[in-house]
Amino acid sequence: MKHETPKIEAERREKVGTIYSQRLRKAGRLPAIIYGHKKDPVAVSIDEKEILTHLHRGTHVLDIAVKGGGSETVLVKELQFGYLGDNVMHVDFARVDLEEEVTVLVNLAFSGTPKAAAQSGAILTHDMTSLEVVCRVNAIPGEIPVDLSIMGEGTVITVAEIELPTGVRAAVEPDAVVSHISFVKKEEEAVGEEAEVAPDGSEPEVITEAKAEGDDKKDDKKKESKD
């Protein structure tokens, strides 16, 4: 299903650098850059809440109206995060044509329960949370559904088993694992963990116990007296 390309407004940045970027972020705006298609890059700023709303919805393509300039159709190419990795600090936009093919990461939306997951000790692990795909800009899906119930009695689902939207193909090997089920076995008691107790309750003899240093000297004296 195709969606209308969201539109946002941007303002040119006359000054760039860490200090000016910090000022923008304090004012609720994110620094960004628009580049590509053999045109000069343009440094801009965008409303932080507005762009984050689109990103959380899985939006990849935007129409950006630059104040005092024209409109650009762009692909969200890269997000730069803070050192804690929990907030977006900068956005890179690449100019695109709606008919051109691009490679992009699309989030996977998991649903269903594989039969093997009901077994005792089963642990379901998602090896991928997003999939790199190739498609035209106007065909980029917001997300790719993954029905885990198709695993049946199996314990692995691969890229080849995911039903991709029309016009979308995976950019990774078809046998790449998307999710798998592993099993945790009950730990067996280690052999020899507990000492065997004799029938009369006495402690078993430790054959390999080393003699104390004093005992060695007593034995030596006994040998000398005999000599």
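Can you find even one residue in segment 173-189 that is among the charged types (D, E, K, R), over 30 Å from Leu62 (Cβ atoms) and at pLDDT 95 or above?
Restricting attention to segment 173-189, the residues satisfying the condition of being among the charged types (D, E, K, R) are 173, 175, 185-189.
After this cut, where a residue has to be over 30 Å from Leu62 (Cβ atoms) as well, the list is 173, 175, 185-189.
Next, only the ones that are at pLDDT 95 or above stay: 173, 175.
Yes - at least one qualifying residue is present in segment 173-189.
May I ask you to list the residues in segment 92-137 that are of a type in the set (Gly, Ala, Ser) and within 19 Å of Leu55 (Cβ to Cβ)?
At the first step, the residues of segment 92-137 found to be of a type in the set (Gly, Ala, Ser) are 94, 109, 111-112, 116-118, 120-122, 130.
The answer is Ala94, Ala109, Ser130.
In the set Ser21, Ser71, which member is surrounded by fewer than 17 Cβ atoms within 10 Å (Cβ to Cβ), among the polar types (S, T, N, Q) and either modelled with pLDDT under 95 or on the phi > 0 side of the Ramachandran plot (or both)?
Details: Ser21 fails: surrounded by fewer than 17 Cβ atoms within 10 Å (Cβ to Cβ).
Among Ser21, Ser71, only Ser71 is surrounded by fewer than 17 Cβ atoms within 10 Å (Cβ to Cβ), among the polar types (S, T, N, Q) and either modelled with pLDDT under 95 or on the phi > 0 side of the Ramachandran plot (or both).
Can you tell me how many residues in segment 150-186 are polar (S, T, N, Q) and either in contact with an Asp or Glu (Cβ under 6 Å, 6 or more places away or on another chain) or surrounded by 13 or more Cβ atoms within 10 Å (Cβ to Cβ) (or both)?
Residues in segment 150-186 being polar (S, T, N, Q) and either in contact with an Asp or Glu (Cβ under 6 Å, 6 or more places away or on another chain) or surrounded by 13 or more Cβ atoms within 10 Å (Cβ to Cβ) (or both): 3 in total.
For residues that are surrounded by 15 or more Cβ atoms within 10 Å (Cβ to Cβ) and closer than 17 Å to Thr5 by Cβ, tally how many sit in segment 33-46. Steps first, answer last, please.
Step one: filter segment 33-46 for residues surrounded by 15 or more Cβ atoms within 10 Å (Cβ to Cβ), giving 33-36, 42-46.
This time we only want the ones that are closer than 17 Å to Thr5 by Cβ, so: 34, 36, 46.
Matching residues across segment 33-46 total 3.
What's the total number of residues in segment 82-105 that are in contact (Cβ under 8 Å) with a residue 60 or more places away in the chain and β-branched (Val, Ile, Thr)?
Going through segment 82-105 one residue at a time, the tally reaches 3.
Scan segment 99-144 residue by residue and report those that are more than 22 Å from the chain's Cα centre (by Cα), among the hydrophobic types (A, V, I, L, M, F, W, C) and surrounded by fewer than 13 Cβ atoms within 10 Å (Cβ to Cβ).
Scanning segment 99-144 gives a single hit, Ala118.
Restricted to segment 47-65, and to residues that are closer than 18 Å to Asp97 by Cβ and surrounded by fewer than 17 Cβ atoms within 10 Å (Cβ to Cβ), which residue is farthest from the chain's Cα centre (by Cα)?
In this case the residue turns out to be Ala65.
The values are calculated or read from the model by the stated rules, or taken from the named source; none is laboratory data. Just so you know, these numbers come straight off a predicted model, no measurement behind them. Please note: Cβ atoms are built from the backbone with ideal geometry, for glycine as well, and neighbour counts cover all protein chains shown.
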